[in-house]
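Throughout, read-outs are computed from the coordinates displayed, never taken from laboratory work. None of these values were measured; they are calculated from a predicted model. Positions of Cβ are backbone-derived with ideal geometry, glycine not excepted, and every protein chain shown enters the neighbour counts.
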Amino acid sequence: MPIRDLVKNRLLYLDGAMGTMLQAAGLQPGENPDIWSITHPDTIRALHRAYFDAGCNIASTNTFGCTAYKLAGTGYSAGDVASAGVGRVKEAAAQSGGTQPKFVALDIGPTGQLLQPLGDLPFEDAVAMYYETIAAGAAAGADMVLIETMSDSYELKAAVLAARESCDLPIFATVTVGANGRLLTGGDVHTVVALLEGLRVDALGLNCSLGPQKMLPLLKELRGIASTPIIITPNAGLPREGEGGGAVYDTEPYEFAAVMREVARQGARVLGGCCGTTPAHMRAVIEATSGLCPLPVQEKGLSVVSSYGRAVTIGGAPVWIGERINPTGKPRLKQALRQDDMDYVLQQGIAQAQAGAHILDVNCGLPGIDEATTLVKAMAGLQSVLDTPLQLDSADVNALALAMRCYNGKPMVNSVNGKAESMRAVFPLVQKYGGLVVALTLDETGIPETIEGRLKIAETIITTAAEYGIKKKDIIIDPLTMTVSAGQKNALITLDALRLIKERLRVNTILGVSNVSFGLPARDSVNAAFFAMALYAGLSAAIINPNNPRMMETCYAASALLNHDPQCGGLIKYFGDPANMFATQQADTPPAGTAQKAPAPVIQPILPGARTAPADTDMQKQLQDAIVKGLKTQAGQLALAAMAGRDALEIINGALIPALNYVGEGFEKGSLFLPQLLMSAEAAKSAFAVLREGVQGQEGESAGEVVIATVKGDVHDIGKNIVKAMLESYRFHVTDLGKDVPPEQVAHAANRTGTRLVGLSALMTTTVTGMRDTIALLKEKAPQCRVVVGGAVLTEAYAREIGADFYAPDAMAAVRYAQQVYGKERARAVKTQNGGLPTL
Ligand code: B1M
């Protein structure tokens, strides 16, 4: 029986660890394990065979790091290693005496690089890299693709797409989460399930990082939402540091098996082991679970859209979709799109997310612009500053295709309609990339004027979608809002069609609300009344302007009345906020041209859609906010504006550092994630690039040579760059070795330049040890040098303990120490261009 069917009918057993087994077999630190399928074929074959002999059904190839990037310098291509890997498992399967069904899983791990915008690797390059490996493994005879240990949803999507495009093998995919239940890039089980079920993998789940016990609560969560068979492959407990420095896993096979029995009882269908597990662990698991009857895999019917870090379910409490990123009738947005002013687009997104939108519509359709490129740019920009899921909105199928491909998550797609041509164009995209598609009740004959006509088109759309494997849960029907000024019964037809479609077809519904009032006075009032009626008729999601207080009031009031707001908590909170009371009064008598304040989000506060910084002075607040929100261009512009009348150091200390501290605290608390940290760092860098101009010194005799570096293992260089700029402004010549610098390189540079002062920066508790090693080497190889150290985690006491000569809590302290070392305490400081730098 094919594995796609088997996984629905019985428990299946994956193998256990490969890496830790190879270490035990003599793999040296730094040695590439994947080429062992070629260089040590007997060892690899024997290991696979041991897993088959233990009773496993699936052995995964020794190809976890098999990408062109990781194999560079080994002399082997990804194709060579993937083919050899498949060959070794097939040989082992043939040799093993076990009678169980046996399968070869082509194992695919992370590329080892961060994808853009977090890192440098373009999404399509990641797809291409995986494609090469998977195509070769499939050609060599793999039975399935196992994508595992993924901690970035975007990389996971790249791998699944590569598998889809290079072969038609079943795809199993697992991610690894931290103790907080989240991926490195912030996703949780909800976002992972949305993404992977959208991409139609055959089984999904969790591997690595946690021991089996810690995976039980996550399995429960998975079971509640997944309609796909679940895989659980934990480590043999949590690692501890062994005597030789390597990781040691203590959970014995019988203990591991006891918990895995519970894992199976709670609904996992594919059981395996990750780091630290052995054939003995898997034998014990198989013995402990083989009598169990697996729980059925149930279709949950959940309609979900997601971003990298947030999933929104449609069908319970009503969902609001922000309509402001659509150029129709918005001259300022048109101008921004034409001029490639993405910061304006991002600000529109942030304002709507802060006003409570759960999803943001993104439409970049304008005559004379390259819509596909602009849509992808706007989408990528929004995804780098917000975790609010997006509705990709375009009538241009090519633009939709490109955006859906590059979107990080499962998007909402606007739209398909009942025309055969539209369904032929859009459904294959939803089938391939995943998505929840808005379906308009119009067809070749136009928009039916009857309720039954719209119902019939909705039925046709659902039936045709099923032919593409698209389930009803991934369709949301729009019965179309027609303007009342053009036909008195228009609103009633829409509302009745909505009710009928909801009742008969049991499908979610959506409306663009504000169309109803075109050409009428008091549009806000008309829209709000229609909106409330539509919600009562069963509207699941509405495309509205969340910055409009009247609409938001209706959202909260209707939610409370329709029993979607327990104890009316959201309503009370909304109207208890003085800012919103003010907004209401403004709405009743709006003074011409007055911008109304956007209300704060209170309904469904899943995660904060956007971040705000604590206020200080006005100038500082704006710059801080831009950095916290990750608005790169704006941060640069604000830094420039702030330079008038202030010195650069004051701005760095008053805005840049507090903003980064704020983001860092959020990261530590788990309310912000790596993508947000990174975007804020980028915005801080862009501000600093401007501020740096303000601390440029004038030409003159050098005050001395300083070698500076961020230590090995640490990539934080913003602080180090500030120290460098300050030293240069005081006319020191700085040799900057960059970040992640090994001790040997620092010692070499110290001797090459003949410097008397080396500056080291480290920001993490884990990398201050690298600082200690560097100082020790400098004392040995360059004893003429003094060492100044700095960085957020350091203290004076610790600096002393690791042998540093001086601890600098900030950049100025480093400058003063450099002056002391070079005997120029009273050296004349070079004035900044705006004359603001302090003089000693
Ligand atoms: Co990361 N990061 N980060 N990060 N990051 C921290 C440091 C962290 C404290 C956040 C947190 O959890 N609260 C935490 C470390 C926890 C710990 O060890 N105790 C952390 C972590 C965990 C990580 C990752 C591991 C996250 C992950 O991948 N899971 C990862 C590590 C990657 C690696 O290094 N191997 C990571 C990645 C990143 C980004 C790439 C996203 C980005 C860095 C971008 C870049 O630098 N190019 C980033 C950022 C921005 C931060 C925070 C938010 C801000 C750091 C910063 O630039 N501060 C930070 C939290 C925080 O510090 N509040 C955090 C502003 C800067 C001006 O201050 O560097 O202290 P600072 O410099 C000051 C002084 O200290 C002094 O002068 C400067 C000016 O006054 N100074 C010196 C510094 N160096 C000096 C040298 C001197 C003299 C003075 O003499 C030579």
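Helix content alone sets the calculated 222 nm mean residue ellipticity of the chain: runs of n ≥ 4 DSSP H residues at -39500 (n - 2.57) each, divided across all residues, give -14000 deg cm²/dmol.
Taking the average, over residues, of other Cβ atoms within 10 Å as the packing measure, peptides 629-635, 513-519 rank 629-635, 513-519 from highest down.
How big is the charge dipole of the chain about its Cα centre, in debye rounded to the nearest 20, if each Lys and Arg gets +1 on its Cβ and each Asp and Glu gets -1 on its Cβ? Spell out each step's value before the answer.
Details: 73 positive and 82 negative charges, 173 e Å.
Its charge dipole is roughly 840 debye.
Counting only DSSP beta bridges whose two residues both lie in the chain, roughly 10 percent are antiparallel. Straight-line reach only, C-alpha to C-alpha below 16 angstrom: list the lysines that Lys712 could link to, leaving out same-chain residues fewer than 8 apart. Lys712 reaches Lys720, Lys739.
Cα gyration tensor of segment 1-121, axes a ≥ b ≥ c as square roots of the eigenvalues: rounded (a/c below 1.5), prolate (a/b > b/c) or oblate? If you can, show how the numbers build up before the last one.
On the way: a/c = 2.18, a/b = 1.42, b/c = 1.53.
Taking the square roots of the gyration eigenvalues as a ≥ b ≥ c, segment 1-121 is oblate.
Relative contact order for segment 618-695 using alpha-carbon pairs under 8 Å, separation at least 6, rounded to a whole percent? It would help to have the intermediate numbers written out before the result.
Numbers: 100 pairs, mean separation 37.5, N = 78.
Worked out over segment 618-695, it gives 48 percent.
Projected label points at Cys293 and Ala689, each 7 Å from Cα along the beta carbon direction, are separated by 6.5 nanometres. Charges on Cβ only, +1 for Lys and Arg, -1 for Asp and Glu, centred on the Cα centroid of the chain; of Ser166, Pro117, His48, which one is farthest towards the dipole's positive end? Going by the charge dipole, the pick is Pro117.
Residues of the chain were split at every exposed loop site, defined as GluC sites (Glu not before Pro) in a DSSP loop with at most 11 other C-beta atoms within 10 angstrom, and the longest piece left, sites excluded, is 445-698.
Taking label points 7 Å from Cα along the Cα-to-Cβ direction, Asp168 and Thr463 give a separation of 2.6 nm. Phi angles of segment 172-177 translate, via the Karplus equation with coefficients 6.51, -1.76, 1.60 and θ = phi - 60°, into HN-Hα couplings of 10, 9, 10, 10, 10, 10 Hz per residue; Gly and Pro are given as x. Summarising the label geometry, the points placed 7 Å from Cα in the beta-carbon direction at Arg405 and Arg10 lie 4.1 nm from one another.
Taking 45 Å as R0, compute the FRET efficiency from the Cβ-Cβ separation of Ala25 and Thr795 and round it to 0.05. Show your work: numbers first, answer last.
Numbers: r = 43 Å, r/R0 = 0.97.
The pair Ala25/Thr795 has a calculated efficiency of 0.55.
Taken about its Cα centre, segment 667-730 carries a charge dipole of about 320 debye when Lys and Arg each add +1 at the Cβ and Asp and Glu each add -1 at the Cβ.
If you take the square roots of the eigenvalues of the alpha-carbon gyration tensor of the chain and sort them as a ≥ b ≥ c, do you get rounded (a/c under 1.5), prolate (a/b over b/c) or oblate? Mind showing how you got there, number by number?
Working: a/c = 2.17, a/b = 1.11, b/c = 1.96.
Oblate, since a/c reaches 1.5 and b/c is not below a/b.
Using the Cβ-Cβ distance between Ala641 and Leu562 with R0 = 45 Å, the FRET efficiency computed as 1/(1 + (r/R0)^6) comes to roughly 0.45. For segment 618-695, the square roots a ≥ b ≥ c of the C-alpha gyration tensor eigenvalues yield an a/c of 1.5 or more together with a/b exceeding b/c, which makes the shape prolate.
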